[in-house]
Amino acid sequence: MARSESGTGDEVPLGELFGKAGPVELERMRLAVTALDAARPADQDAEWEWFAEHAQAPVPLPAVGASVVLQTTVGLYESDSDWLELELEVAWMQRGLRVGAVLGVACWCESDNHGTHYLDPMDLDADDGTSIAEAFDAATAQLLAWAGGPRDPSYWRGAAGLPQPTSDTS
Ligand SMILES: [Zn+2]
């Protein structure tokens, strides 16, 4: 198993993780990290997780699954049985380096429990120093747009046509 490290956004070693990115690209990514951390609820610690040994492309690239380079989750809402969260992930997959951004909302389907439903996932290819910064920026912009919307899981389930909690008598 790969060893991961975690820390605040300021502690993410972007230059080490993305060696092909130049100073301008790294600065762009640093600003995106800071902007995403600023969107977190005030009571939430900024926690990022990274795998330094995945900074270089694995040989061969993973046929299934992903070798994660950097990831974070931003919880927008959380109660005992309901949640709304953002996820950002940079990972090596079979087709190369990609940046993924998703909005996750708790499942309230009656027949099956899907855990979390991922709405409108964004999945961007990013194979070199310039494109990683562009993709990272675009993914973060999408996450910030979601964060700027209602932080109410029911709103997003409704927008996606998903079932709502039946025990909600409010
Ligand atoms: Zn479901």
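Only the coordinates and a few stated rules stand behind these numbers; no lab work does. Computed from a predicted structure; not experimentally measured. Positions of Cβ are generated from backbone atoms using ideal geometry, with glycine treated the same way; all protein chains shown enter the neighbour counts.
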Taking only Cα atoms, what is the 0 to 90° angle, nearest 10, from helix 23-38's long axis to the longest principal axis of the chain? 20
On each of the three principal axes of the Cα atoms of region 38-85, give max minus min coordinate, whole Å, ordered largest first. 41, 22, 14
On full extension of the chain, what length is gained from Gln56 through Tyr118, given 0.36 nm per residue of separation minus the C-alpha to C-alpha distance? 19.5 nm
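State the Kirkwood hydrodynamic radius of region 63-114 in Å, one decimal place, computed from all pairs of distinct Cα atoms.
Roughly 12.7 Å, rounded to one decimal.
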Using helices alone, what [θ] at 222 nm do you get for the chain, with -39,500 (n - 2.57) per DSSP H run of 4 or more residues, divided over all residues and rounded to the nearest 500? -8500 deg cm²/dmol
Counting only other residues whose beta carbon sits under 10 Å from that of Asp37, what net charge do I get with K and R as +1, D and E as -1? -2
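Hey, any idea what the orientation-averaged projected area of the convex hull of region 1-62's Cα atoms comes to, in nm²?
Numbers: hull surface 20.5 nm².
Result: a mean projected hull area of 5.1 nm².
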Could you give the dipole magnitude of region 43-93 about its Cα centre, charging the beta-carbon of Lys and Arg +1 and that of Asp and Glu -1, in debye to the nearest 20? 480
Considering only Ala32, Ala66, Ala138, give the residue with the highest GNM mean-square fluctuation for the chain, with springs between Cα atoms whenever their separation is below 10 Å. Ala66
Geometric extent, Cα atoms of the chain - Rg, Dmax (angstrom): 16.9, 54
